[in-house]
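Working notes, structure below.
The values are calculated or read from the model by the stated rules, or taken from the named source; none is laboratory data. Being a predicted model, the structure only gives us computed values, none of them experimental. Cβ coordinates were reconstructed from backbone atoms using ideal geometry, including for glycine residues, and neighbour counts include every protein chain displayed.
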Ligand code: 5AD
Ligand code: SF4
């Protein structure tokens with residue numbers, strides 16, 4: 001496609017789903033002849049792809065939108081657009097237009113594929129376009145994707161979530177679960193392998209529900225086995241799994257299939273049964289720990305990572321201690337820890353016994369110290385070992401080094417040049433750091 005000299009910048013908040021949506025918007029713009037820039041001042045189109053899972057993500061968007069006013073005054077032809085999960089909340093689009101009238105286009109998570117059409121309309125009509133849909137019009141295949149990495153790619157296998165955890169806004173802004181057809185997924189991955197990609201991460205809010213509602217006789221374990229057959233592909237990861245739905249056949253698939261990496265992201269959220277019930281998680285601490293035992297027994301060297309929320313309404317000291325004890329027992333390889341954030345429209349937002357900020361922060365700090373101690377101890381055990389690393393790029397801040405990941409997801413930095421990018425190499429770990437490993441390549 002011929003270049004039209006117009007430039008765009010997409011700034012993305014939130015999870016991998018949003019990252020992938022941004023890669024699609026970028027892919028569409030590139031195929032229309034636009035080119036990317038990383039400077040807002042140079043851009044003809046600025047797009048914010050937003051997240052609303054926690055309040056601080058929203059606050060950042062407001063701050064950034066305010067900053068764009070000056071740019072619009074300098075360049076009245078600048079198109080400012082905002083999209084993503086935050087826009088799917090009731091009344092949000094109207095509020096944004098009221099507070100930030102310099103915004104030109106607002107759209108949601110269900111109609112991102114229509115962005116080029118909205119762009120044309122905004123230019124022609126010269127007024128703000130607001131298009132939010134409550135449901136998608138079926139899964140749209142074939143949108144060009146402009147991926148950030150040349151080595152690893154995200155591949156969405158399903159959209160939405162049916163779980164309605166009481167703290168979470170996602171089911172309200174991403175809609176109900178729907179799966180892509182297996183052949184569409186397999187064809188996309190084969191195409192990626194042809195382009196030279198070595199690793200895919202299969203994405204969904206709850207990948208273990210994959211296949212429900214499709215005509216094909218398929219479930220997540222079967223899909224994993226199909227993906228494992230793709231020639232030329234080296235590594236497969238997936239996220240996110242829900243502990244209530246992770247089945248033994250998925251664990252067996254990871255244990256048996258050579259391309260499936262030994263890594264499971266299994267958000268626990270809390271370690272106390274009373275908290276888990278109030279969160280509507282539908283599993284108990286005991287069931288979760290049993291799952292851990294099965295995973296660790298069947299998959300040697302497995303990494304288990306998690307998400308934990310601190311300060312859910314009514315969280316008592318005892319409930320917090322249960323979470324802390326579970327973290328010590330599981331010995332996570334990594335954990336994302338979050339302070340509970342009230343999300344309007346969710347059941348937990350209506351609860352009256354919110355935990356005060358001081359208590360939340362105190363517990364949060366205790367948890368983080370514990371998590372970090374465990375991660376450092378676990379990393380230390382890798383010193384002296386030789387591990388297979390897929391090289392992803394040059395190291396940050398040091399271009400005499402490259403960085404990549406082990407099969408179980410650990411970040412490794414070692415001396416090497418950019419010719420190694422995309423290659424699988426054996427690396428001897430010489431030193432463990434708090435959150436990464438240092439090594440040297442071995443023949
Ligand atoms: N407050 C804090 N953390 C939350 N998460 C989801 N909703 C909230 C909330 N209201 C966390 C969960 C989820 C991760 C993506 O975000 O831990 O797994
Ligand atoms: Fe939110 Fe729960 Fe669905 Fe995860 S499973 S997206 S936490 S509702």
Kindly indicate whether any position in segment 123-146 is within 16 Å of ligand 2 (Cβ to nearest atom), surrounded by 16 or more Cβ atoms within 10 Å (Cβ to Cβ) and within 18 Å of the chain's Cα centre (by Cα).
no
Odd one out for residue 59 among (1) buried (at least 21 other Cβ atoms within 10 Å of the Cβ); (2) over 17 Å from the mean Cα position of the chain (by Cα); (3) over 23 Å from residue 147 (Cα atoms)
(1)
Okay, helices (runs of 4 or more DSSP H) sitting entirely in segment 219-279 with 1 or more residues that are under 21 Å from the mean Cα position of the chain (by Cα) and either within 16 Å of ligand 1 (Cβ to nearest atom) or in contact (Cβ under 8 Å) with a residue 60 or more places away in the chain (or both), I get 220-228
Those residues that are in a strand (DSSP E or B) and without any contact (Cβ under 8 Å) to a residue 60 or more places away in the chain, I need them from segment 320-335; list them, please.
335
Looking only at residues that are buried (at least 19 other Cβ atoms within 10 Å of the Cβ) and at pLDDT 95 or above in segment 1-17, which one is farthest from residue 109 (Cα to Cα)?
8
Search segment 300-322 for residues being within 16 Å of ligand 2 (Cβ to nearest atom) and over 19 Å from the mean Cα position of the chain (by Cα), and hand back the single one that is nearest to residue 375 (Cα to Cα).
310
Segment 392-430: number of residues that are part of a strand (DSSP E or B), in contact (Cβ under 8 Å) with a residue 40 or more places away in the chain and under 25 Å from residue 336 (Cβ atoms):
3
Considering each residue of segment 1-36, count those that are free of Cβ contacts under 8 Å to residues at least 40 places away in the same chain and not in a strand (DSSP E or B), and give that number.
10
Matching entry among 358, 352, 370 (being over 21 Å from the mean Cα position of the chain (by Cα), loosely packed, with under 13 Cβ neighbours inside 10 Å and assigned to a helix (DSSP H, G or I))
358
Filter segment 26-38 for residues that are touching a strand residue (DSSP E or B) at 6+ places or on another chain (Cβ under 7 Å) and either surrounded by fewer than 22 Cβ atoms within 10 Å (Cβ to Cβ) or under 17 Å from residue 155 (Cβ atoms) (or both) and give the result.
26, 35, 36, 37, 38
Exactly one of (1) part of a loop (DSSP other than H, G, I, E, B); (2) away from ligand 2 (no atom under 16 Å from the Cβ); (3) surrounded by 14 or more Cβ atoms within 10 Å (Cβ to Cβ) is unmet by residue 46. Its number?
(1)
Where residues in segment 191-212 are away from ligand 2 (no atom under 12 Å from the Cβ) and in a helix (DSSP H, G or I), which of them is farthest from residue 19 (Cα to Cα)?
194
Please name all residue pairs, on different chains or six or more residues apart, with Cβ atoms under 6 Å, provided the first residue is in segment 338-349 and is closer than 19 Å to residue 361 by Cβ and the second residue is away from ligand 2 (no atom under 11 Å from the Cβ) and not in a loop (DSSP other than H, G, I, E, B).
339/310; 339/360; 339/364; 341/55; 342/349
How many residues does segment 232-278 hold that are away from ligand 2 (no atom under 16 Å from the Cβ), touching a helix residue (DSSP H, G or I) at 6+ places or on another chain (Cβ under 6 Å) and under 16 Å from residue 152 (Cα atoms)?
5
